[in-house]
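Shown next, in structure tokens, is the structure this report addresses.
The values are calculated or read from the model by the stated rules, or taken from the named source; none is laboratory data. Because the structure is a prediction, the values reported are computed rather than measured. For neighbour counting, all protein chains shown are included, and Cβ atoms are generated from backbone atoms with ideal geometry for every residue, glycine included. Accessible surface areas use protein heavy atoms only, side chains included; no ligands, DNA or RNA. Shrake-Rupley method; radii C 1.70, N 1.55, O 1.52, S 1.80 Å.
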Amino acid sequence: MNDLLTYLTHLFAFDSEHPLLFTQFHFWAFFFIVYTLFCLIVSLGRKGRHMGKGRRLWRNGYLFLVSLFFYYKTSGLYVGLLIFATIVGYFLGMRFAHLANREATTGTSTAKRRRALMIAGVVVNLGVLCYFKYAYFFTDIFNTIASTHYSIANAIILPVGISFFTFQNISYIVDVYKGKVRHADNILDFGFYTTFFPQLVAGPIVRADQFIPQLYKPFFLGRRQFGIAIFWILNGLCKKLILSDWLAVSFVDRVFENPLLYTSFENFSALLLYSLQVYADFSGYTDIAIGVAMLMGFYLPLNFNSPYKATNAAGFWKRWHISLSNWLKDYLYIPLGGNRNATPATYIIPAVMLVVVLLMAKSLWLTLVAAFAVSLLVLLYAASPERKREFDTNLNNFDTMLLGGMWHGASFNFITWGALNGIGILVYKWWKTKTPAARIFTVILVYLAVKCLYHWFPIPVLSMFHFAFLVVAVAIILLNVVPLLWGGKYRPSRFKGGLVTVWNTLLTFFFISFTRLFFRSGSNLDPAEANETAWRTATQMVERIGGQWNWSQVPAILDNYAPVFIVFLIGMIIHWLPDRFKRRYRLWFASMPVWLMAVVAVATVFVAYQFITADLQPFIYFQF
């Protein structure tokens, strides 16, 4: 009896060392029990082809309580924070409905009260997020600027997935306020929307208008949907265990832990491999979440669409973390003014960031250079008023990426990463409007400028840029001149799907991988030391990659890490396969007889788990 009580206590207690992960047996045992009871509730509630209102409430309420238990097993007592967010969101939704009904019946305007409530709801959600996620960051900034030594006495542990359920709550509050979606009928329905466990701790971010209507639909799981759901689960497990965890443990983590112990080629390779690792990690979680949700009759939005097929930085963000990109567009970019105009926040956001950086740097030369650059930019656009709208649009784009970087983490590495992605998007928007002659002239001019700077200041970062711009210049010249030598008028369509697409895809992949230097350096760190440690790691990797390369070592490195590079190459080839081909083998799997599907599933799981070489790695996006 005592042994049974001990087991049950362990089963229902929170263990910070062993949270419920999709890649653990404990999760699948948990899901098996949950799904069995779910099927029982659904089957008892069916009336012909429909589910009664009462049983639908039982289903939603049951999954709400299950999701709270799942989050408790993941984050312990922080489940109280999730309950608080749920109560606030539900209360505001009901108040919006009550005020709207009062306005309709009495004719008295309640617009100001509803707007005040909406703002209060957003502020409360963002306030909680900022406290847990950015307290150390803001304290560090203040200490650096004011030369003080304030510290946060009690360690603040970041609740898992707080950014995801916070953004989800904000979308509900704003959408109900705008009348885009009807408020949830009761606290159990809304709690289910807020806490649905497959996507609770790492997304995708489910918008109210996408998910709440599903709460009131009857359960349906067809034969093909079942097969597709199993495929997504298996696909996610393979991505996570093979392309993410195994690459991380076997190579990537080693290099990032101490870049100076490894060669320039190894540091550069670690950046490329990390791009595949982080994609496989996050999209693997999303695939499993989509599959698990589909088994229960719910559909989560697509969050990834082969992002490394993108041919430019803007296209990448239409394929990567799509739910976040759309959320930022609708709730940040458009309110900032979008492509229409600017708002005060359009200029305040970058101005505050710039002032903070300059105050922390405490460098007169950097301040003078920044003042000159800003003045030049202002004069340039003041002299051309017709381009102000274009300037405002670009600044709104940049602000969105800057804050998107800050959403990912509380360190300047993440802000730098967001800023670089913003610059990449702006460069692409400028580039696509230029003629071939203007492009050639620009890349040659930039290359010569970097070459001169490198001659005067031979530092690693300029060495790296010097080589990169040389390659870009040669490629742009060849891609624009060779067609002319072949005769005929230059028509880019001749090379669409050919050399130009391949070059643009590879260039985008290398650019995104370079920005990940700052993303990875700031990940998996205690917020109290994130700024200093992350920047040191990034600096050391730049020193290595921009330093002297010993090409004679490359064959030996490729030989020593042959399995790692082979898995990386296979992963990238699969990623670059045509979408039509991927769709075909998904449908082929979903159409298998159940017995054959079971055999394939068991074999896939067996092979995937052969790649486990250490403790299972937590999902990277748990920290966001």
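The number of residues in the range 272-304 being in a loop (DSSP other than H, G, I, E, B) and under 29 Å from Val255 (Cβ atoms) comes to 2. When Ile425, Ile459 are screened for being at pLDDT 90 or above and more than 21 Å from Leu272 (Cβ to Cβ), only Ile425 passes.
Conditions (1) surrounded by 17 or more Cβ atoms within 10 Å (Cβ to Cβ); (2) in a helix (DSSP H, G or I); (3) at pLDDT below 85, marked per residue:
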| site | (1), (2), (3) |
| --- | --- |
| Val500 | yes, yes, yes |
| Arg516 | yes, yes, no |
| Ala534 | yes, yes, yes |
| Pro555 | no, yes, no |
| Phe565 | yes, yes, no |
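Of the residues making up the range 109-119, those that are touching a Leu at 6+ places or on another chain (Cβ under 8 Å) and open to solvent by less than 60 Å² (accessible area, probe 1.4 Å) number 4. Residues of the range 16-25 include none that is modelled with pLDDT under 85, more than 30 Å from Phe611 (Cβ to Cβ) and in a helix (DSSP H, G or I).
Does the range 140-150 include one or more residues that are β-branched (Val, Ile, Thr) and open to solvent by less than 10 Å² (accessible area, probe 1.4 Å)? Checking the range 140-150: not a single residue is β-branched (Val, Ile, Thr) and open to solvent by less than 10 Å² (accessible area, probe 1.4 Å). Of the helices (runs of 4 or more DSSP H) lying entirely inside the range 380-473, those carrying at least 3 residues that are more than 24 Å from Ser513 (Cβ to Cβ) and open to solvent by less than 40 Å² (accessible area, probe 1.4 Å) are 388-408. As a summary of the residue check, Gly54 satisfies the conditions (1) modelled with pLDDT under 85; (2) open to solvent by 60 Å² or more (accessible area, probe 1.4 Å); (3) farther than 30 Å from Gly284 by Cα; (4) of a type outside the set (Ser, Thr, Tyr) except for the one numbered (2).
For the range 603-620, the count of residues that are in a helix (DSSP H, G or I), β-branched (Val, Ile, Thr) and at pLDDT 90 or above is zero. Look at (1) in a loop (DSSP other than H, G, I, E, B); (2) surrounded by fewer than 12 Cβ atoms within 10 Å (Cβ to Cβ) and you find that Phe581 fails only one, number (1). Considering only residues in the range 177-221 that are in contact with a Lys or Arg (Cβ under 9 Å, 6 or more places away or on another chain) and β-branched (Val, Ile, Thr), the one that is modelled with the highest pLDDT turns out to be Ile212.
Among helices (runs of 4 or more DSSP H) entirely within the range 40-147, having at least 2 residues that are polar (S, T, N, Q) and over 24 Å from the mean Cα position of the chain (by Cα) singles out 79-106, 111-146. Selection of the range 191-207 for residues being over 19 Å from the mean Cα position of the chain (by Cα) and among the small types (Gly, Ala, Ser) yields only Gly191. Please tell me if Leu63 is open to solvent by less than 30 Å² (accessible area, probe 1.4 Å), in contact with a helix residue (DSSP H, G or I) (Cβ under 7 Å, 6 or more places away or on another chain) and under 16 Å from Phe192 (Cα atoms). Yes; evaluated as a whole, the condition is true for this residue. Scanning the range 323-352 for residues that are open to solvent by less than 40 Å² (accessible area, probe 1.4 Å) and closer than 16 Å to Gly422 by Cα yields Leu324, Ser325, Leu328, Leu332, Tyr333, Leu336, Gly338, Thr346, Ile349, Pro350.
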